[in-house]
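The values are calculated or read from the model by the stated rules, or taken from the named source; none is laboratory data. Computed from a prediction, not measured in an experiment: that's the story for all the values here. Every residue, glycine among them, receives a Cβ derived from its backbone with ideal geometry; neighbour counts consider all protein chains shown. Just the protein is used for accessible areas: all its heavy atoms, side chains included, with ligands, DNA and RNA removed. Shrake-Rupley method; radii C 1.70, N 1.55, O 1.52, S 1.80 Å.
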Amino acid sequence: MRAKTLLVLLAIYFVTTGCTGSNPKNNTVEPAGDSLTTKSRADTTKASDQVKSTTELDPGKVWLERIFHCNDDQSGKYCYYLDKEEALCTARFMEFLTDANEIYGPSNLTDAELPGAEARYKAKWGEIYPLYTQEMWLFGRGNDDALAINTVEIKKLSTDKYSVFINYGDNIKTQNEVRLVLENGNYKIDYCRTSFVQ
């Protein structure tokens, strides 16, 4: 019994000495959790910033931006390569572009064949896409690679639609409304409405 009492007294002595020892630093009480709270808040802020920036990252917009990356350092800041165009678009939209440009672009159609071709174009595509009424290739591009585009600005309009403004230089600017679809896990352009702007 004496041993148990002695052990209890020693435990009480060590606990009280450890908590209130002669060192003045041990006598001051810090506000609960200040150093831990500060670190925790900083960690939480960093974590929430990372989550926020990750969730703000729009994969459709990133995909569109990559279209205009230049292949080398000798080109300008933005480029557009014609040989990529078929891979960028759905097969259906490429067929639509070809059909529209056969009628409204340079064509082998005679004046007599043109009305029939235009009627077939309208019947084939009128329920699927807003129809083109003039020659128009993707993004209003010319007939060669654009290796020194001045500006490209991309903004999200809705879940699958984006605004793509392109300043090609030489007073050629286009405003494009692009609709993206996922095809086999990859983004593709399924429609682009282009307007030339001043």
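A few points about this structure:
- Some residue of segment 141-153 being within 29 Å of Gly76 (Cα to Cα), touching a Ser or Thr at 6+ places or on another chain (Cβ under 8 Å), open to solvent by less than 20 Å² (accessible area, probe 1.4 Å) and touching a residue at least 24 places away in the same chain (Cβ under 8 Å): no
- Qualifying positions in segment 87-107 - open to solvent by 60 Å² or more (accessible area, probe 1.4 Å) and not β-branched (Val, Ile, Thr): Ala87, Ala91, Arg92, Glu95, Glu102, Pro106
- Residues that are under 27 Å from Asn171 (Cβ atoms) and surrounded by 11 or more Cβ atoms within 10 Å (Cβ to Cβ) within segment 108-133 comprise just one, Tyr132.
- Residue in segment 119-132 that is touching a residue at least 12 places away in the same chain (Cβ under 8 Å), closer than 24 Å to Val62 by Cβ and in contact with an Asp or Glu (Cβ under 9 Å, 6 or more places away or on another chain) present: no
- In segment 64-86, the qualifying residues are those that are open to solvent by less than 50 Å² (accessible area, probe 1.4 Å) and in a helix (DSSP H, G or I), and the one that is nearest to Ser163 (Cα to Cα) is Leu64.
- The residues listed here are Thr98, Thr110; of these, the one that is at negative phi and in a helix (DSSP H, G or I) is Thr98.
- Reported count of residues in segment 136-184, each being within 13 Å of the chain's Cα centre (by Cα) and among the acidic types (Asp, Glu), is 2.
- Residue within segment 177-189 that is open to solvent by 60 Å² or more (accessible area, probe 1.4 Å) and over 18 Å from Pro59 (Cα atoms) present: no
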